[in-house]
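K.L.:
First the structure, then my questions, so here it is.
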């Protein structure tokens with residue numbers, strides 16, 4: 001099956017998902033499920049080390065193609081997106097049943113999924129950027145699911161600004177990279193890695209690309225948006241903000257890892273920020289009690305781990321990245337969905353207030369424990385193998401003691417978080433909750449149950465996932481085929497010792513969790529000087545600059561705006577005429593024709609505008625000018641133009657008269673003599689300038705190439721005799737499309753202004 | 001604006017304007033006219049009708065929000081470009097068919113889109129301007 005078609009179908013299924021989702025039908029989970037099956041069909045081919053490709057011309061003149069390529073890494077991501085997507089769609093059909101605006105929600109969710117697929121399948125960097133930004137946009141819509149809440153609006157805006165800002169930096173990096181390599185093809189770049197990595201601009205490119213990836217993958221200090229995005233409904237948090245979208249930055253880094261692997265800037269940036277993010281996430285996670293925010297910080301720790309692993313060169317790190325990525329998506333999506341169930345059934349997700357839920361919801365407890373065991377990295381879950389791989393990579397790295405120390409802290413905190421989500425909430429004596437809890441329906445349990453079981457099945461039988469998915473993906477990250485035996489038991493190794501140490505530290509820390517938490521949340525500096533506060537300060541600064549420049553430039557007087565606009569246009573015209581010396585007199589031969597009567601009418605109408613005593617008379621007189629111009633068009637053989645002019649004039653007179661009839665316009669002219677003189681000078685200047693320009697234009701010989709072309713080709717190519725309309729709807733249809741879009745926007749904007757004015761004058765609530 | 005003259009005359013102006021606008025829209029490909037002009041004429045007719053009657057009359061007359069006209073117009077114009085893409089030609093390359101000599105084309109779909117968009121833009125503005 002054609003990859004471009006798969007992406008197209010994903011996008012095109014948005015209306016279907018919106019329709020089914022609007023009625024909360026679990027059938028809509030078929031949309032991602034069908035896509036997942038479709039990608040599974042590619043798996044045997046990809047496992048043999050082959051890549052599926054498809055390409056369409058997009059902007060051939062710039063060398064940009066809509067090229068798609070499915071290799072091991074893309075396949076892992078595509079399966080995660082569609083697989084977790086299936087679980088999430090199914091879950092949401094029950095979870096969000098009572099919510100408003102569901103069709104819009106599911107449309108955005110499906111568009112997000114399609115954009116994610118496009119991003120991980122794109123083989124053209126610019127195409128990747130387009131899909132990348134689309135995921136940011138849809139994430140904005142989904143975080144802002146409840147726009148009436150201020151926190152929701154702020155989180156949506158923050159997420160958008162941070163990720164799109166990073167995306168812009170990344171676009172700059174992509175363009176430089178494309179200029180150096182002469183092509184935007186990702187597989188082409190990898191083929192020429194030595195040349196690119198040796199280029200003097202390589203460090204700049206790395207910094208720009210990493211900025212985009214770090215913003216998207218919530219690396220410190222850009223991490224606060226991810227924690228704040230937890231205001232979104234739980235299905236969104238599970239899907240976008242743990243399993244898929246935040247991994248897009250990791251995907252980009254992993255994708256370009258073969259090109260920049262081992263480059264000094266690459267290693268320093270990735271290991272530095274990755275390690276920092278792990279520590280920051282670990283500290284912040286221990287301050288929280290809200291289950292979703294705790295999990296969000298654990299996601300930040302994991303994203304840091306992934307970035308750190310990509311920064312470390314070597315085959316082992318590639319293996320660790322892919323294994324950890326898959327494992328994390330499985331258990332984290334599962335745990336988020338469990339947190340949602342707890343919230344949904346008990347009415348709270350404050351872990352400090354929860355306990356003993358295993359009696360009321362035994363199945364959920366089972367799933368929660370299975371997910372948590374994988375997260376804590378305990379055998380026989382696949383999470384154990386991933387953690388061992390991380391330690392193995394760390395031990396083999398150049399500054400191994402530092403990497404291992406950071407990983408130890410981060411993994412110990414992961415154990416604590418796993419205990420909070422499972423032990424804290426489900427074990428111990430039951431505590432009173434706002435609602436009486438019980439296990440949720442099948443639709444909500446199925447997804448997390450399958451995800452948790454996969455963690456166990458893959459742990460018991462690693463070969464199921466290793467040869468078909470993980471090894472081909474790791475080969476794509478490393479840039480060459482690799483051989484590794486993914487297994488739970490490697491004998492008595494230093495990694496096993498570290499695992500035991502992690503577990504001991506984690507359990508000990510969980511024992512005194514309440515004390516650690518109260519001490520850490522007492523640190524006020526984080527709220528006062530943390531990056532979230534910096535963001536707020538920056539937004540306040542932006543607004544005060546806007547306020548200052550509005551006060552400096554915008555007087556609010558329509559008359560002065562018109563005056564400035566016309567005066568600047570007149571001056572620019574004169575300046576061009578004088579500096580370019582373009583003025584010429586046309587020949588006035590053959591000017592004495594009957595149409596000259598219209599010119600007289602025009603002049604008379606203009607004088608009437610000047611002499612008008614009130615607005616109504618002025619508008620009527622100005623309308624007369626327009627009608628006279630239309631007559632002139634008619635006599636000069638442009639009936640269409642005349643027709644349009646007539647319609648526009650009629651409509652604008654009707655609307656203007658209606659406005660004058662309602663708004664409190666002053667009927668008499670209140671300008672002082674000096675002001676009248678100034679306005680007259682500006683008007684006269686503009687008139688003279690326009691006249692001179694028109695005369696110069698008429699003095700030029702007429703270039704008939706375009707009109708000859710249209711006259712000759714109109715009927716054969718477009719089957720129409722009306723040249724003007726044929727140009728509008730056919731030859732230049734794209735321009736017209738843009739124009740009507742602008743027209744529609746202008747109508748909506750004008751309506752918004754009027755609505756705002758009315759609110760302001762009637763004193764209604766804003 | 002609730003003058004008796006306008007109230008009475010607009011009752012006749014509206015159907016004439018709508019009919020004329022459709023005529024202008026349809027003849028546009030070969031004779032002076034087209035979606036843009038047609039849209040303006042229809043908008044003027046509807047504006048004259050709803051000025052003395054208010055916003056509710058406008059919404060009742062249209063049965064949809066004027067904003068929906070903008071959206072559907074843009075959508076039609078976009079859709080009219082897709083057949084070209086499907087036939088591996090550039091976007092908005094218009095396609096023609098002549099079943100029994102009757103010329104049918106995506107051009108007309110595009111022009112109807114322009115027509116609706118123009119009406120929608122004018123009336124969106126007008127609807128907010130008119131008092132409820």
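K.L.:
Restricting attention to segment A:433-441, does a residue exist that is in a helix (DSSP H, G or I) and touching a residue at least 12 places away in the same chain (Cβ under 8 Å)?
P.N.:
no
K.L.:
Moving on to the next point. In the set A:414, A:444, which member is in contact (Cβ under 8 Å) with a residue 40 or more places away in the chain and more than 20 Å from residue A:358 (Cα to Cα)?
P.N.:
A:414
K.L.:
Select, from B:77, B:47, the only residue that is within 10 Å of chain A (Cβ to nearest Cβ), surrounded by 15 or more Cβ atoms within 10 Å (Cβ to Cβ) and over 23 Å from residue A:720 (Cα atoms).
P.N.:
Every option except B:47 fails the conditions.
K.L.:
Would you kindly identify the helices (runs of 4 or more DSSP H) lying entirely within segment A:1-95 that contain at least 2 residues that are in contact (Cβ under 8 Å) with a residue 40 or more places away in the chain and within 30 Å of residue A:179 (Cβ to Cβ)? Give the derivation first.
P.N.:
Details: elements: A:3-12, A:14-22, A:30-47, A:72-95.
So the answer is A:3-12, A:72-95.
K.L.:
Does residue B:83 fit the bill of being touching a helix residue (DSSP H, G or I) at 6+ places or on another chain (Cβ under 7 Å), surrounded by fewer than 13 Cβ atoms within 10 Å (Cβ to Cβ) and more than 8 Å from every other protein chain (Cβ to nearest Cβ)?
P.N.:
The answer is no for residue B:83.
K.L.:
Out of the residues in segment B:50-70 that are crowded, with 16+ Cβ neighbours inside 10 Å and within 11 Å of another protein chain (Cβ to nearest Cβ), which is farthest from residue A:746 (Cα to Cα)?
P.N.:
Looking at residues that are crowded, with 16+ Cβ neighbours inside 10 Å and within 11 Å of another protein chain (Cβ to nearest Cβ), I get B:52.
K.L.:
Before we move on, is residue A:748 under 19 Å from residue B:31 (Cβ atoms), assigned to a helix (DSSP H, G or I), at the interface with chain B (Cβ under 7 Å from one of its Cβ atoms) and free of Cβ contacts under 8 Å to residues at least 40 places away in the same chain?
P.N.:
no
K.L.:
Kindly indicate the residue of segment B:87-116 that is part of a loop (DSSP other than H, G, I, E, B) and over 14 Å from residue A:719 (Cα atoms) and also farthest from the other protein chains (Cβ to nearest Cβ) among those meeting that condition.
P.N.:
Just the residues of segment B:87-116 that are part of a loop (DSSP other than H, G, I, E, B), to begin with: B:87-95, B:98, B:102-103.
Still in the list and also over 14 Å from residue A:719 (Cα atoms): B:87-92.
On the way: B:87: 14, B:88: 9, B:89: 12, B:90: 9, B:91: 7, B:92: 4 Å.
Top of the filtered list is B:87.
K.L.:
Restricting attention to segment A:122-149, report how many residues are assigned to a helix (DSSP H, G or I) and within 22 Å of residue A:238 (Cα to Cα). Lay out the reasoning, then the answer.
P.N.:
Initially, segment A:122-149 is screened for residues assigned to a helix (DSSP H, G or I), giving A:125-143.
Checking the rest, the ones that are also within 22 Å of residue A:238 (Cα to Cα) come to A:131-143.
Final tally of qualifying residues: 13.
K.L.:
Out of all the residues in segment A:656-681, which are within 14 Å of chain B (Cβ to nearest Cβ) and at pLDDT 80 or above?
P.N.:
Here is the first cut: in segment A:656-681, the ones within 14 Å of chain B (Cβ to nearest Cβ) are A:656-663.
Matches in segment A:656-681: A:656 only.
K.L.:
Kindly check whether there is at least one residue in segment A:366-389 that is over 26 Å from residue A:464 (Cα atoms) and part of a helix (DSSP H, G or I).
P.N.:
no
K.L.:
Return the total of residues in segment B:1-21 being in a helix (DSSP H, G or I), within 11 Å of chain A (Cβ to nearest Cβ) and surrounded by fewer than 19 Cβ atoms within 10 Å (Cβ to Cβ).
P.N.:
So the count comes out to 3.
K.L.:
Provide a single number: the residues in segment A:351-365 that are assigned to a loop (DSSP other than H, G, I, E, B) and under 18 Å from residue A:513 (Cα atoms).
P.N.:
Summing the residues that are assigned to a loop (DSSP other than H, G, I, E, B) and under 18 Å from residue A:513 (Cα atoms) in segment A:351-365 gives 3.
K.L.:
Tally the residues that are within 9 Å of chain A (Cβ to nearest Cβ) and assigned to a helix (DSSP H, G or I), restricting the search to segment B:22-37.
P.N.:
Count: 5.
K.L.:
Okay, next question. Residue A:174 is checked against (1) farther than 26 Å from residue A:105 by Cβ; (2) in contact (Cβ under 8 Å) with a residue 24 or more places away in the chain; (3) surrounded by fewer than 21 Cβ atoms within 10 Å (Cβ to Cβ) and fails just one. What number does that condition carry?
P.N.:
Of the numbered conditions (1) farther than 26 Å from residue A:105 by Cβ; (2) in contact (Cβ under 8 Å) with a residue 24 or more places away in the chain; (3) surrounded by fewer than 21 Cβ atoms within 10 Å (Cβ to Cβ), the odd one out for residue A:174 is (3).
The values are calculated or read from the model by the stated rules, or taken from the named source; none is laboratory data. Predicted, not measured: the structure shown is a model, and the values here were computed from it. So basically every Cβ, Gly included, is an ideal-geometry build from the backbone, and we count neighbours across all protein chains shown.
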